[in-house]
Each structure stands twice: as C-alpha cells, then as structure tokens.
Amino acid sequence: VEELRVKSGEKIALIDITGAVQKALEKIGLRDGLCNLFAPHTTAAVMISENWDRDVTADLLDQLQRLVPDRPDYKHAEGNSQAHILSAMLGVSINIPVRDGRLALGRWQGVMLAEFDGPRERVVRLSAIPSSG
Amino acid sequence: VEELRVKSGEKIALIDITGAVQKALEKIGLRDGLCNLFAPHTTAAVMISENWDRDVTADLLDQLQRLVPDRPDYKHAEGNSQAHILSAMLGVSINIPVRDGRLALGRWQGVMLAEFDGPRERVVRLSAIPSSG
Amino acid sequence: VEELRVKSGEKIALIDITGAVQKALEKIGLRDGLCNLFAPHTTAAVMISENWDRDVTADLLDQLQRLVPDRPDYKHAEGNSQAHILSAMLGVSINIPVRDGRLALGRWQGVMLAEFDGPRERVVRLSAIPSSG
C-alpha cells in the first residue's frame, strides 16, 4: 500500500510518473502480477501515453480540449466541468502488468497523471496484486 | 462473487451504486486489494464521477451526447448505435482499491452505472482481489 | 504469463480476440478471478464491444474518426497523432472477470484489439489474477 504525491504546475498537463511508480513497486516487492494506480480525484485522470515525443502529448491535450471545450454554459457553478468530464471519460484507475519486478510497459509507453484543473498536489494510490502460478 | 442488479428509469442516466458496492464488499469480506466491477452489457458503462453536485453529472451526460449524437445515419438497424459507442468509449470494467474493508474512493467520487439505452435492469459483476503483503 | 500475437490487415480495425484469450486462459488454468489484457503499444487499444453485428463496429470506428480526425495540422511529425490520441483515450488495459475457467462476458460482448495505425503485428499480454475466497 503506497501513495505517490504528484505536483502539477499548470491547469492542464500530463505528468510522467513512470519512474516514481517503478520505485514504489520495488519497495513493495511485487515480482509478478498487476500494479493498479488509482487517483482519488474527480478533475484528474491516470492514463498511458507515448512519453518520448512531447509533440504527441501536446497533440493529445489539444484534441481533448477540442472534444470537451471549456464552455461558458455548463451548469456546474464552480467552472471546472471541463475537468470533471475529461476525468470521467479518461478514467482514474489503470492496471499495468508487472514482470520480474518491473512494469511491463511497451518501449514508448509512459504512465501519466493527467491534470485538468491544476495547479494542485495530487495523490495516486498504488495496489500490488500478485498473479497466479 | 457477487452480482448487483441496477434498474434504470430513463434512456440515459448515471446511477450511483457506491453504497450497493460497499455492502456487497462487506459480505465478501475483502480487507485489502481491488474491487473489480464489470457490466456484461454493450449499451451501458461503469465509471467513476463526481457524485455530489447533480449539475456535474448533467454537464457530463450533455457533453457525451454532443460527442456521440444520436445520429439518424448510423448503419446499425436497431437504432442504438449511440449507446454502443458510448459503452465502448467509457468502458464496462473498473478497479477500485479497497483498504480496511472499504472502497478507497476520493471524497467526491462515486461509482456510477452509466445507462445509455434504458430503461432496463442491468447487472454489475463484482470480483474481490486481495493485494500482496 | 502469456502473450498473444495479433495481426492487423488495415490501418484502422477492430479485431476480435475473444477466442484466443479464452484458449490462453485455459492453458494458464485460472478458475476464478480476473484476466487482465494489456497492449504494450501507443497506437492501438484493447476494448470490449458488441461483436455480433458488424454494423455496430463500423459505426463505432466511423464515430471515433469523427471525434479524432486525421488532421494535417498535428505537431507530431510521424503523422500518426490520430492513432496516439485514440490509443490514449480508449486505453490499452482491460480486466475481465473469470468464472469457472471462462471469461464472464455478456452475451453480446467481444474482446477487441483496436488497431489505429496498421497493418502491424501487435502483442497482447495476459495476466491471470485469482480472486479471494
């Protein structure tokens, strides 16, 4: 049972937490199974994305804001409905396979905390689940 | 192994099932791990959303219908392609961490059955997965 | 620990892998729990969709391309930002309950490898996680 703390510096951003998750996993000592990451927030998300070319994440964040614009006519009075909708669409929970103690990600994949209503300090809860056999 | 039954009263709605999931979890007796919720349906979804201000869920459902409108020119003859597409986009499976026997949700998070082709009776399958250590 | 290999023949396609996943599950021998499927790719996804009427998947792929068009003005120089964005939106990891050795899918559900930048050979990693009790 581990918790990561992630600080975001902008309103909307993807923050690569792959290294921090890998370190937490080593403390827990899971060899083979699943690592679940869960963000207990309603205006952020946890996702996997290309993490090598920053143009990819720029294109992604731009397109997400086209899909869910920051419209002035949302009903929710706090003015952050865009963030709530993107959080619900992209999800706050993800499972990553673990093999020989390491996140079994693809070569170009990174684990991202997606901030949609920053800057804030966010929490990511990590659960280590052993596989059978 | 538990199954929840959820009745929807409208065509499109978010139904808060957090309390029912928590009760089922207590019957099963999982202390620490993951709770997986799975909807065996192709026109509904399971998701996490803000559950306090009803304006947030209204904004969410409105924006989802803008993204995937109920167009007259879908090929699928049954007339519910909108529901199939939203189900596939939002997903029918979610994992929530469990700590000390309770869903470790954030303060504003609720677990929702998203109905896109109601009114119907829906099923949500619950799997209790212990964590390591 | 199993890996499936999936060949895609087109740029954008949904490929039904339900049968292959079920066979892999039988080799592993999991009776009750969760089956996690993970695609170590940034231009593909794993999802659950209606798998009976091909018009449903045609409508789904058409609508996804309307939401995330193959725009000429993406920044990413490789020209496959559409695929990266759809992969991040739809996700590369899914959990399916297993009961009595079988995927506990609904009658109309199929497990799909979603290809957004084919044709390619893709990998799907399978993790078998036993449930408690």
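The values are calculated or read from the model by the stated rules, or taken from the named source; none is laboratory data. Every value quoted in this text rests on a predicted model; they were computed, and no experiment measured them. Note that we place each Cβ from the backbone using ideal geometry, even for glycine, and neighbour counts take in every protein chain shown. For the accessible areas, the whole protein counts, side chains as well, though only heavy atoms, and no ligand, DNA or RNA atoms are used. Shrake-Rupley method; radii C 1.70, N 1.55, O 1.52, S 1.80 Å.
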Residue A:73: passes all of (1) touching an Asp or Glu at 6+ places or on another chain (Cβ under 9 Å); (2) farther than 21 Å from residue C:89 by Cβ; (3) of a type in the set (Asp, Glu) but (1)
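Yes or no: the range C:72-85 includes at least one residue that is surrounded by 16 or more Cβ atoms within 10 Å (Cβ to Cβ) and over 28 Å from residue A:53 (Cβ atoms).
The answer is no; no qualifying residue exists.
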Residue pairs meeting the criteria (Cβ under 7 Å; at least 6 apart or on separate chains; first closer than 11 Å to residue A:113 by Cα, in the range A:11-23; second open to solvent by less than 30 Å² (accessible area, probe 1.4 Å) and assigned to a helix (DSSP H, G or I)): A:12/A:61; A:14/A:57; A:14/A:61
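Part of a helix (DSSP H, G or I), touching a Leu at 6+ places or on another chain (Cβ under 8 Å), in contact (Cβ under 8 Å) with a residue 60 or more places away in the chain and more than 9 Å from chain C (Cβ to nearest Cβ) - does that describe any residue in the range B:49-61?
Checked the range B:49-61: no residue is part of a helix (DSSP H, G or I), touching a Leu at 6+ places or on another chain (Cβ under 8 Å), in contact (Cβ under 8 Å) with a residue 60 or more places away in the chain and more than 9 Å from chain C (Cβ to nearest Cβ).
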Would you check if residue A:119 is of a type outside the set (Gly, Ala, Ser), modelled with pLDDT under 95 and either in contact with a Ser or Thr (Cβ under 6 Å, 6 or more places away or on another chain) or assigned to a loop (DSSP other than H, G, I, E, B) (or both)? no
Residue satisfying all of: in the range B:89-101; open to solvent by less than 10 Å² (accessible area, probe 1.4 Å) and hydrophobic (A, V, I, L, M, F, W, C); farthest from residue B:27 (Cα to Cα) among these: B:92
Looking at the range C:45-58, which of its residues are open to solvent by less than 10 Å² (accessible area, probe 1.4 Å), touching a helix residue (DSSP H, G or I) at 6+ places or on another chain (Cβ under 7 Å) and not small (Gly, Ala, Ser)? C:47, C:56
Failed item in (1) assigned to a helix (DSSP H, G or I); (2) at pLDDT below 95, with residue A:77 passing the rest: (1)
Candidate set: the range B:102-133, residues that are open to solvent by 10 Å² or more (accessible area, probe 1.4 Å) and either on the phi > 0 side of the Ramachandran plot or among the aromatic types (Phe, Trp, Tyr) (or both); chosen: the one farthest from the chain's Cα centre (by Cα): B:133
Report every pair of residues separated by at least 6 positions or lying on different chains whose Cβ atoms are under 6 Å apart, first residue within the range C:104-127 and facing chain B (nearest Cβ under 8 Å) and farther than 12 Å from residue C:10 by Cβ, second among the polar types (S, T, N, Q) and assigned to a loop (DSSP other than H, G, I, E, B). C:108/B:42; C:109/B:42
Hey, can you tell me all the residues within the range A:62-103 that are among the polar types (S, T, N, Q) and more than 10 Å from chain C (Cβ to nearest Cβ)? A:65, A:80, A:81, A:82, A:87
Would you mind stating whether residue B:95 is polar (S, T, N, Q) and more than 20 Å from residue C:59 (Cβ to Cβ)? yes
Would you mention how many residues in the range B:4-31 are in contact with a strand residue (DSSP E or B) (Cβ under 6 Å, 6 or more places away or on another chain), facing chain C (nearest Cβ under 10 Å) and surrounded by fewer than 20 Cβ atoms within 10 Å (Cβ to Cβ)? 1
